[in-house]
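Okay, structure first, notes after.
Read the figures in this text as sums done on the coordinates, not as results from a lab. Here the structure is a predicted model, which is why all the values come from computation and not from measurement. Virtual Cβ from ideal backbone geometry, glycine too; neighbours counted across all protein chains shown.
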């Protein structure tokens, strides 16, 4: 009986120690999950500097979040957040579905980069997140059942999610280093996962990235970037034709005429681009 009692006490000490470890290191665990899941879902490098957690009050603050760009894009990051504040219902933490009362993503800084072959960095990221969500079972059916049962992961219901105070910068080769910036409208999502009795991390990421991508695309469209791109392509095409047409005369030794043609071709490219930026 004494040996049994000692064994029970030992188990309680181990379990209690594990509980204390989780409590003291919950911030580090959250940081690890955000970086690992974020990187896997977006196929970019996701980093988070620190997590301040008040378990009893159900408050958390995630600081220094940054998401890189997929392979093939030049800008150093796709987005970064100044701070993400979270309010959780403490009573729900031990259940299968965690109730998050509010998430506020403050001062997001987004870079929308056009790919040389078409599309953008957010198109690529959204595609990666969609694929990850399906892989994790967000697509429904047998895959979803297997994911929820096999992985045993917790789900969340988010009553309110705000993304506000953001700005967006456009990056593209045809802008020739010019800065093009605009404010990002506030995004407000309500009752995420409520109808399905909880959403997985993949599903939340999929929905949030979809809204950010749509909002960013609207802002970029309102700036007239599409027209700028067409003008730049037209100017470049015109300059190419002029250079090709003048190649024969250059070969014939018409040095002065060749110089004038080159200057004219250069102006053909510069003038439309200057007009885009009001200069």
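Can you sort 47, 116 by how many other beta carbons sit within 10 Å, fewest first?
Numbers: 47 17, 116 11.
Fewest to most other Cβ atoms nearby, the residues stand as 116, 47.
Treat the count of other C-beta atoms within 10 Å as a stand-in for reagent exposure and order 222, 120 from fewest to most.
Working: 222 9, 120 22.
Lowest to highest Cβ neighbour count: 222, 120.
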